[in-house]
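*Asks:* Before I ask anything, let me first share the structure, which is written out below as structure tokens.
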Amino acid sequence: MPALVENTAYFVVSEALTNVAKHAGASSATVVVTVDETLLRIVVRDDGRGGAHLGKGHGLAGLADRLEIVEGRLDVRSPAGGPTVLTAEVPVAGLGEA
């Protein structure tokens, strides 16, 4: 896996779990990472209170910006009352091959 993809994945997971610990009031969280020839997908789910969003000035907006740099994307689903499901996708092919 290209170093840029690995570093981005590490950042996504650590930032997502930090947000769970600080803000969600969750009793549990799961992280599922899958990869194929073209895409690395990270799904972080917690059973907290929900209400997470990508608003400017919040940690998740910075995470979305970081993913954008590697042509990735971030989806956050977090209805009031939870659960919160954060899905990050990072293209694998072509990154770090220079």
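Bear in mind these aren't lab numbers, they're just calculated from the coordinates by the rules spelled out. Keep in mind the model is a prediction, meaning the values are calculated, not measured. Because the Cβ atoms are built from the backbone with ideal geometry, glycine has one as well, and the counts that use them run over all protein chains shown.
*Asks:* Can you tally the net charge around THR30? Count Lys and Arg as +1, Asp and Glu as -1, for every other residue whose Cβ sits under 12 Å from the Cβ of THR30.
*Replies:* Taking every other residue near THR30 into account, the sum is -1.
*Asks:* So what is the 222 nm mean residue ellipticity for the chain from helices alone, if each DSSP H run of at least 4 adds -39500 (n - 2.57) and you divide by all residues, rounding to the nearest 500 deg cm²/dmol?
*Replies:* Calculated from helices alone, the mean residue ellipticity at 222 nm is -9000 deg cm²/dmol.
*Asks:* By how many nm would the segment from ARG73 to LEU4 grow when fully extended, if each residue of separation counts as 0.36 nm and the alpha-carbon distance is taken off?
*Replies:* 23.4 nm
*Asks:* Next up: By the scheme Lys and Arg +1, Asp and Glu -1, what is the net charge of all other residues having a beta-carbon under 13 Å from that of ALA9?
*Replies:* Spelling it out: positives minus negatives among the neighbours equals -1.
*Asks:* As I understand it, the value is the acute angle between the Cα axis of helix 59-69 and the longest principal axis of the Cα atoms of the chain; what does it come to in degrees, rounded to 10?
*Replies:* Orientation of helix 59-69: about 10 degrees from the principal axis.
*Asks:* Further question: So what J values fall out for region 8-15 if you push phi through Karplus, 6.51 cos²θ - 1.76 cosθ + 1.60 with θ = phi - 60°, rounded to Hz, Gly and Pro as x?
*Replies:* 5, 4, 4, 4, 4, 5, 5, 5
*Asks:* Please give the peptides 27-37, 75-85 ranked by average Cβ packing (other Cβ atoms within 10 Å per residue), highest first, as a rough proxy for protection.
*Replies:* Per-residue Cβ counts within 10 Å, averaged per peptide and sorted highest first, yield 75-85, 27-37.
*Asks:* Over the chain, what is the mean sequence separation of C-alpha contacts under 8 Å (at least six apart), divided by residue count, expressed as relative contact order in percent?
*Replies:* 33 percent
*Asks:* Grab the Cα-Cα distance for SER14 and LEU39, subtract it from 0.36 nm times how many residues apart they are, and report the gain in nm with one decimal.
*Replies:* Computed gain between SER14 and LEU39 is 7.1 nm.
*Asks:* So, counting K/R as plus one and D/E as minus one, what does the shell of residues with Cβ under 9 Å around VAL92 add up to?
*Replies:* Charge balance in the 9 Å sphere: -2.
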